[in-house]
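Accompanying notes for the structure given below.
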Amino acid sequence: MNRRELLRSAVLATGAVTLGSALPGGIISAAPVQAGGATASSTGATYVLPPLGYAFDALEPYIDKATMEIHYGKHHAAYVAALNKAVAGQAALKGKSAEELLVGLDQVPEEIRTTVRNNAGGHVNHSFFWKSLKKNDSGSAAAPAAGSALAKAIADTFGDHAKFYEAFDKAATGVFGSGWAWLVVKADKALAIVSTPNQDNPIMNGHKPLLGLDVWEHAYYLKHQNKRKDYVDAFANVIDWDAVDKRYELAVS
Ligand code: MN
């Protein structure tokens with residue numbers, strides 16, 4: 001199935017593709033379909049797979065086409081489907097974005113709480129991840145624009161960009177099992193590198209994510225097998241630092 005067919009099937013499955021909206025902190029919202037919309041009322045589906053925004057092979061050779069096809073079209077789609085299934089018939093959760101579910105898990109009925117945590121997290125994290133990546137034909141690793149607020153904050157916090165990435169690399173390769181490594185803004189507006197297990201998102205800890213790297217094996221195993229560090233190094237080439245910088249400016253404003 002090519003991307004066009006994939007998107008069409010997503011549209012057919014849900015009735016519409018809802019574009020995300022930016023929440024404070026720059027998180028790309030995996031927003032629910034508007035109340036009263038034909039989609040929600042006709043199919044019951046609330047959360048939809050957002051458009052990828054580029055071709056599956058756009059990130060080659062750093063992230064391969066086959067991984068992108070499966071990661072987006074199978075894994076992310078499965079989180080969306082499982083989340084919709086979990087919240088179906090839950091009137092109290094109606095209209096909540098996936099982010100709102102994650103930060104308000106105590107309001108989610110206990111019998112579906114873990115399912116919602118895992119699948120709302122999977123949906124939010126992957127929607128955010130796709131928007132953090134960008135084609136790179138330059139042959140050199142991407143970096144924040146010199147003189148940008150983020151470049152300065154990274155230099156102030158970590159010494160320089162190379163030292164930042166070294167620390168990020170260490171966090172990403174150090175995640176035991178499945179999870180994510182993140183660059184976040186903490187409540188005091190300081191930058192920090194953190195990791196989360198499974199599909200947890202830093203917003204669950206009061207942090208604002210700027211950049212996240214999926215280190216589940218499904219994100220890299222086809223190309224890199226057990227060599228996670230090779231994948232973390234390759235990721236450095238396709239980071240969309242303009243997007244990350246915009247998130248930073250929102251997070252500290
Ligand atoms: Mn993933």
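Can you find, within the range 191-206, the residue that is farthest from Ser178 (Cα to Cα) among those that are in a loop (DSSP other than H, G, I, E, B) and open to solvent by 40 Å² or more (accessible area, probe 1.4 Å)?
Out of the qualifying residues, it is Gly206.
Considering each of Gly26, Gly36 in turn, give the residue that is modelled with pLDDT under 95, within 14 Å of the chain's Cα centre (by Cα), of a type in the set (Gly, Ala, Ser) and part of a loop (DSSP other than H, G, I, E, B).
The unique qualifying residue is Gly26.
Condition check: in contact (Cβ under 8 Å) with a residue 60 or more places away in the chain, over 17 Å from Phe129 (Cβ atoms) and crowded, with 17+ Cβ neighbours inside 10 Å. Does Leu150 satisfy that?
Against the criterion (in contact (Cβ under 8 Å) with a residue 60 or more places away in the chain, over 17 Å from Phe129 (Cβ atoms) and crowded, with 17+ Cβ neighbours inside 10 Å), Leu150 qualifies.
For the range 212-235, give me each residue that is within 10 Å of the ligand (Cβ to nearest atom), farther than 21 Å from Lys163 by Cα and open to solvent by less than 70 Å² (accessible area, probe 1.4 Å).
Passing the criteria: Trp216, His218, Ala219, Tyr220.
Which of the residues spanning the range 124-164 are within 19 Å of the chain's Cα centre (by Cα) and part of a helix (DSSP H, G or I)?
Val124, Asn125, His126, Ser127, Phe128, Phe129, Trp130
Within the range 101-130, which residues are touching a residue at least 24 places away in the same chain (Cβ under 8 Å) and open to solvent by 50 Å² or more (accessible area, probe 1.4 Å)?
Val103, Thr115, Arg117, Asn118 - these are the residues of the range 101-130 that are touching a residue at least 24 places away in the same chain (Cβ under 8 Å) and open to solvent by 50 Å² or more (accessible area, probe 1.4 Å).
So which residues in the range 117-149 are away from the ligand (no atom under 16 Å from the Cβ) and closer than 20 Å to His207 by Cβ?
Hits for the range 117-149 are Pro144, Ala149.
For the range 63-100, which positions are outside any helix (DSSP H, G or I), in contact (Cβ under 8 Å) with a residue 12 or more places away in the chain and either of a type in the set (Val, Ile, Thr) or more than 16 Å from the ligand (Cβ to nearest atom) (or both)?
Quick first cut of the range 63-100, residues outside any helix (DSSP H, G or I) only: 63-64, 88-90, 94-97.
Okay, now just the ones that are also in contact (Cβ under 8 Å) with a residue 12 or more places away in the chain, so 63-64, 88, 90, 94-97.
Residues satisfying the conditions are Ile63, Ala88, Gln90, Lys94, Gly95, Lys96, Ser97.
The values are calculated or read from the model by the stated rules, or taken from the named source; none is laboratory data. All of these numbers come straight from a predicted model, not from anything done at the bench. Because the Cβ atoms are built from the backbone with ideal geometry, glycine has one as well, and the counts that use them run over all protein chains shown. Just so you know, the surface numbers come from the protein's heavy atoms only, side chains and all, with ligands and any DNA or RNA stripped out. Shrake-Rupley method; radii C 1.70, N 1.55, O 1.52, S 1.80 Å.
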